[in-house]
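The values are calculated or read from the model by the stated rules, or taken from the named source; none is laboratory data. Predicted, not measured: the structure shown is a model, and the values here were computed from it. Heads up, the Cβs are rebuilt from the backbone with ideal geometry, glycines too, and the neighbour counts pull from every protein chain shown.
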């Protein structure tokens with residue numbers, strides 16, 4: 001199918017037998033939500049009563065912590081039901097346009113991006129929502145990643161900060177090359193000087209002033225880097241980087257493949273906070289899938305010459 005045909009097929013998706021399943025899951029979610037509210041109200045009342053009777057004693061603090069844990073347990077039941085809906089919906093949507101879906105990709109999927117230094121360093125990672133297949137004969141593999149740094153203060157207390165959340169995508173570039181060219185965010189003169197020691201290869205100077213302001217390019221083959229980063233391809237990268245769905249872009253070329261780390265806001269393929277049988281849930285997931293088409297189209301990956 002062409003990209004236009006895939007878009008049309010995606011938007012003509014018929015819930016069919018999936019509708020009753022989502023209706024049933026939504027009923028379960030509502031019941032779980034009502035139970036959660038009841039538990040929170042009851043436990044909150046009990047803890048409040050203990051505070052009035054005893055003040056903030058150790059027993060009351062312990063009871064409050066226990067109440068939070070019990071409340072979280074009942075909250076998790078809603079998350080489990082939402083995950084069930086996702087496990088039904090996403091494979092059906094991908095199958096509609098001939099793509100493959102896997103909720104739990106292998107941890108090894110992140111290795112090329114880490115080796116190419118187009119993702120930040122991290123202590124913890126979560127990979128999910130792997131979509132693979134072909135878009136107009138271009139092989140691709142996409143996973144959603146969340147990378148977290150863990151630090152400790154002087155008292156040993158842990159804190160976590162998300163350093164990357166978005167898509168890691170690998171495309172067949174269909175252009176012969178053997179070197180390694182890496183495109184990362186420009187960190188201004190001082191930042192580039194401080195991080196330059198960690199960059200592989202030599203810095204590549206390009207003629208496009210906007211591209212130079214936004215990105216830094218390093219390569220172990222200057223001639224090959226310019227062969228890959230033609231003026232038209234640079235223009236397409238800038239255009240893709242301006243999309244509202246792209247918060248930050250870093251990419252690399254290696255062994256005939258192009259690797260992209262696309263930072264985005266929030267989780268994808270979740271459908272937001274809508275009811276599980278709300279058509280907007282399906283629509284939102286369709287929009288997330290359609291970003292794959294944008295990558296292929298905006299970067300003109302279907303052209304053999306790639307100029």
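Here are a few things to note about the model shown:
- One residue stands out in segment 156-169 among those that are surrounded by fewer than 20 Cβ atoms within 10 Å (Cβ to Cβ) and in a strand (DSSP E or B): the one that is nearest to the chain's Cα centre (by Cα), namely 165.
- Among the residues of segment 241-255, the ones that are out of contact with any strand residue (DSSP E or B) (no Cβ under 7 Å at 6 or more places or on another chain) and closer than 19 Å to residue 118 by Cα come to 3 in all.
- Taking (1) within 30 Å of residue 176 (Cβ to Cβ); (2) in contact (Cβ under 8 Å) with a residue 60 or more places away in the chain; (3) in contact with a strand residue (DSSP E or B) (Cβ under 6 Å, 6 or more places away or on another chain) in turn, residue 216 satisfies each apart from (2).
- Odd one out for residue 107 among (1) within 15 Å of the chain's Cα centre (by Cα); (2) surrounded by 18 or more Cβ atoms within 10 Å (Cβ to Cβ): (2)
- Filter pass, residue 268 being touching a helix residue (DSSP H, G or I) at 6+ places or on another chain (Cβ under 7 Å), touching a residue at least 60 places away in the same chain (Cβ under 8 Å) and assigned to a loop (DSSP other than H, G, I, E, B): yes
- Cβ-Cβ under 6 Å pairs, at least 6 apart or on other chains, segment 2-21 side over 18 Å from residue 133 (Cβ atoms), far side in a helix (DSSP H, G or I): 18/92; 21/88
- For segment 217-227, filtering for residues that are in a helix (DSSP H, G or I) and surrounded by fewer than 20 Cβ atoms within 10 Å (Cβ to Cβ) leaves 5.
- Residue that is surrounded by the most Cβ atoms within 10 Å (Cβ to Cβ) [pool: residues in segment 228-242 that are under 16 Å from residue 175 (Cα atoms) and touching a residue at least 60 places away in the same chain (Cβ under 8 Å)]: 228
- Residue match in segment 179-197 (condition: within 26 Å of the chain's Cα centre (by Cα), surrounded by fewer than 17 Cβ atoms within 10 Å (Cβ to Cβ), at pLDDT 90 or above and within 16 Å of residue 119 (Cα to Cα)): yes
- Number of the exception - residue 249 against (1) at pLDDT 85 or above; (2) within 17 Å of the chain's Cα centre (by Cα); (3) part of a helix (DSSP H, G or I): (3)
- Here the strands (runs of 3 or more DSSP E) wholly within segment 51-152 that include at least 1 residues being modelled with pLDDT under 90 are 124-135, 138-152.
Here is a yes/no grid of residues against (1) out of contact with any helix residue (DSSP H, G or I) (no Cβ under 6 Å at 6 or more places or on another chain); (2) surrounded by 17 or more Cβ atoms within 10 Å (Cβ to Cβ); (3) not assigned by TED's automatic domain parsing to the domain that holds residue 268:
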position	(1), (2), (3)
40	no, no, yes
44	yes, no, yes
48	yes, no, yes
54	no, no, yes
66	yes, no, yes
69	yes, no, yes
85	no, yes, yes
